[in-house]
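Trainee: Got a structure for you, written out below as structure tokens; questions coming shortly.
The values are calculated or read from the model by the stated rules, or taken from the named source; none is laboratory data. It should be emphasised that the depicted structure is a prediction, and the values quoted were computed from it without experimental measurement. Neighbour counts run over all protein chains shown; Cβ positions are idealised from the backbone, glycine included.
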There are 2 protein chains.
Amino acid sequence: MHRIGFYVSSGFQMLDLAGPAGAFEAVNQQLGISAYRIQVLAAIEGVVANSLGMATPVASLDDAELDTLIVIGGPINQPPSADTQRRIVEASKRSRRVASVCTGAFTLAAAGLLDGRRATTHWQYAARLQRDYPSIHVEVDRIFCRDGDVWTSAGITAGIDLALTLIEDDHGFAVAKGVAQHLVVYHRRHGGQSQFAASVDLAPRNDRLAAALGYARDHIAETLTVERLAEIAGMSLRQFGRVFRAQTGTTPARVVERLRVDLARGRIETTTEPVERIAEAVGFGDAENMRRAFIRIYGQPPQSIRRAVRS
Amino acid sequence: MHRIGFYVSSGFQMLDLAGPAGAFEAVNQQLGISAYRIQVLAAIEGVVANSLGMATPVASLDDAELDTLIVIGGPINQPPSADTQRRIVEASKRSRRVASVCTGAFTLAAAGLLDGRRATTHWQYAARLQRDYPSIHVEVDRIFCRDGDVWTSAGITAGIDLALTLIEDDHGFAVAKGVAQHLVVYHRRHGGQSQFAASVDLAPRNDRLAAALGYARDHIAETLTVERLAEIAGMSLRQFGRVFRAQTGTTPARVVERLRVDLARGRIETTTEPVERIAEAVGFGDAENMRRAFIRIYGQPPQSIRRAVRS
């Protein structure tokens, strides 16, 4: 019997909890034994309302005997109190594994549990996590990320992928695959979470970086060197790269590539234009470069995507 | 304001509700207005326990003013009482759209709302739905299925795909895509739910069909004609096709192809064997035949799947 405790806070999204909980529950069904026992926890025993206003009964972190502590998404502008952070740290010490779903990474970070570690979170908040906690190595393009016994996952439904990996760790590939089949989710999703990120949300707060990205969008068919973008931003190459990374969690070259694949994907999905012409129009130069970028970012070539939309 | 009512029954799986509810909720967040109001309903106002034993407050179907009624998964061996069925039918008449998630299709079917319609359900129960309700045109290989104003969806997480389609219907492609990006799910998943089905679960109840499929598994590298399989089952070709379809919701050729791709996929994912050798070993003859079957069933070629597992 493996005891899983989900830490929730007021206004939590039900899907952050229901996704991974459903996966662990499916193991019990599949194996016909109580392989996992699931508890929902908060700082104090009582009732916590979710984002739909439904009341969820919770036990106290202090009393919980756990093997795995999973912190689900919560408000990122309001870290838990020092007292609650202490309870989370204590509970994590009694657990074999600690994990987070979505913005739950901010709670683990506030409690110091991600210091110096590799971690991920919802793509929309990855740059913010990197800014607020510079000691974390934020890996923005991951569905989930393991560093020792600390696992973090991307936004919302990525909690299901995380649970599948923990299940694979505990019970092997076949059981995890069976659970994925039962839930009708992909076991081992292709590509990173970049494929879900809307380019528009990469717009950094810094005006000079925003200007450089605006320039990139307007000149997407041209060769866009980092030197040229730094020049537009009015920064040295080194300063540009450093500020860019701090603000967006990634590199200028990656962002330009993502702009290109996003623009291309829109045209692939909604037009019948030849792939070669699209590749040229968005600055990939040739179709082979674009194909490689698609496979890296979406896990499949442009033609597969076009076929899937048609079918 | 569009009013969504989720009908739940005792022991419902939280993820069946939380998936689509999270999608509708994300529209409200994204648009910054109350585009959707979500209610959880049962025959009688009160409290219903989910499969994790958590109590969920519910309103009564009778009182609900609805635009869309969504029936989530419930027990398939115990259809709702005649009285509850009547309440569901009445609520459906007051709704613009009716939908089901997972085995919720059995509830709609019991209430007569799927008579003569095309519909889908969890792949594990599709054959059962076809047997129990012969007037339904069960489409086993769908993530969701629309027939007029009645929408049904495949297992569990397919409720999210269903919600995205309803959102696209109400608010257009861009809003639905934004919600998918926020939830970190694929908008328009590739392939049907076949890709999630474990071949072993296709085993029909009928002993003679089971014998034919057992033979197919044991002779997978050989040419397997429907004639040969009918012979093993001791039936005429016509009888075999008819009984097979009634029991499994699909054709012998499709099941053999699915056996082949499932066997091949396991080897693609877990070995470094050349694709050509795998194609031959599972009876595809050559790699090009296998590639086409993979694209049809999984939405991508074997090489992409192997690459994705490696990365």
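Trainee: Could you identify the single residue in A:141, A:161, A:207, A:147 that is out of contact with any Ser or Thr (no Cβ under 9 Å at 6 or more places or on another chain) and either under 18 Å from residue A:123 (Cα atoms) or modelled with pLDDT of 75 or more (or both)?
Mentor: Among A:141, A:161, A:207, A:147, only A:147 is out of contact with any Ser or Thr (no Cβ under 9 Å at 6 or more places or on another chain) and either under 18 Å from residue A:123 (Cα atoms) or modelled with pLDDT of 75 or more (or both).
Trainee: Let me ask something additional. Under the condition of being in a helix (DSSP H, G or I) and within 8 Å of chain B (Cβ to nearest Cβ), which residue from the range A:185-204 is modelled with the highest pLDDT?
Mentor: Looking at the filtered set, the residue picked out is A:193.
Trainee: Could we say that residue B:86 is of a type outside the set (Asp, Glu) and within 19 Å of residue B:10 (Cβ to Cβ) here?
Mentor: Taking the combined requirement at face value, the residue satisfies it.
Trainee: Also: Run down A:88, A:70, A:76 and say which single residue is surrounded by fewer than 22 Cβ atoms within 10 Å (Cβ to Cβ), in contact (Cβ under 8 Å) with a residue 12 or more places away in the chain and out of contact with any Asp or Glu (no Cβ under 7 Å at 6 or more places or on another chain).
Mentor: Result: A:76 is the single residue among A:88, A:70, A:76 that is surrounded by fewer than 22 Cβ atoms within 10 Å (Cβ to Cβ), in contact (Cβ under 8 Å) with a residue 12 or more places away in the chain and out of contact with any Asp or Glu (no Cβ under 7 Å at 6 or more places or on another chain).
Trainee: Moving on. Being farther than 16 Å from residue A:224 by Cα and among the polar types (S, T, N, Q) is the filter; apply it to the range A:257-311 and report the residue that is farthest from the other protein chains (Cβ to nearest Cβ).
Mentor: Filtering the range A:257-311 for residues that are farther than 16 Å from residue A:224 by Cα and among the polar types (S, T, N, Q), the one farthest from the other protein chains (Cβ to nearest Cβ) comes out as A:272.
Trainee: For the range A:94-120, give me each residue that is crowded, with 24+ Cβ neighbours inside 10 Å and outside any loop (DSSP other than H, G, I, E, B).
Mentor: Residues satisfying the conditions are A:98, A:99, A:100, A:104, A:105, A:106, A:107, A:108, A:109, A:119.
Trainee: Pairs needed: first member in the range A:135-160, closer than 21 Å to residue A:254 by Cβ; second member anywhere, among the acidic types (Asp, Glu) and surrounded by fewer than 22 Cβ atoms within 10 Å (Cβ to Cβ); C-beta distance under 8 Å; at least 6 residues apart or different chains.
Mentor: A:136/A:115; A:145/A:139
Trainee: Among the residues of the range A:31-59, what is the count of those that are at the interface with chain B (Cβ under 10 Å from one of its Cβ atoms), farther than 20 Å from residue A:107 by Cβ and at pLDDT below 90?
Mentor: Residues in the range A:31-59 being at the interface with chain B (Cβ under 10 Å from one of its Cβ atoms), farther than 20 Å from residue A:107 by Cβ and at pLDDT below 90: 4 in total.
Trainee: Does the range A:131-144 hold any residues that are more than 14 Å from chain B (Cβ to nearest Cβ) and crowded, with 23+ Cβ neighbours inside 10 Å, and which are they?
Mentor: Passing the criteria: only A:138.
Trainee: Which of the helices (runs of 4 or more DSSP H) found entirely inside the range A:265-311 contain at least 1 residues meeting this: under 15 Å from residue A:220 (Cβ atoms) and either in contact (Cβ under 8 Å) with a residue 40 or more places away in the chain or assigned by TED's automatic domain parsing to the domain that holds residue A:225 (or both)?
Mentor: Those helices (runs of 4 or more DSSP H) span A:275-281, A:287-298.
Trainee: Continuing with this model, one more query. Does residue A:254 fit the bill of being away from chain B (no Cβ under 14 Å), surrounded by fewer than 20 Cβ atoms within 10 Å (Cβ to Cβ) and of a type outside the set (A, V, I, L, M, F, W, C)?
Mentor: Criteria met by residue A:254.
Trainee: Also, I was wondering about something else. Closer than 21 Å to residue A:193 by Cα, touching a Ser or Thr at 6+ places or on another chain (Cβ under 6 Å), modelled with pLDDT of 70 or more and within 8 Å of chain A (Cβ to nearest Cβ) - does that describe any residue in the range B:165-184?
Mentor: Yes, there is a match, as at least one residue in the range B:165-184 is closer than 21 Å to residue A:193 by Cα, touching a Ser or Thr at 6+ places or on another chain (Cβ under 6 Å), modelled with pLDDT of 70 or more and within 8 Å of chain A (Cβ to nearest Cβ).
Trainee: Here's a follow-up. Within the range A:65-83, which residues are closer than 12 Å to residue A:9 by Cβ and in a strand (DSSP E or B)?
Mentor: Within the range A:65-83, just A:71 meets the criteria.
Trainee: Run residue B:62 past the list (1) part of a helix (DSSP H, G or I); (2) farther than 21 Å from residue A:16 by Cβ; (3) within 12 Å of another protein chain (Cβ to nearest Cβ) and report the number of the one that doesn't hold.
Mentor: (3)
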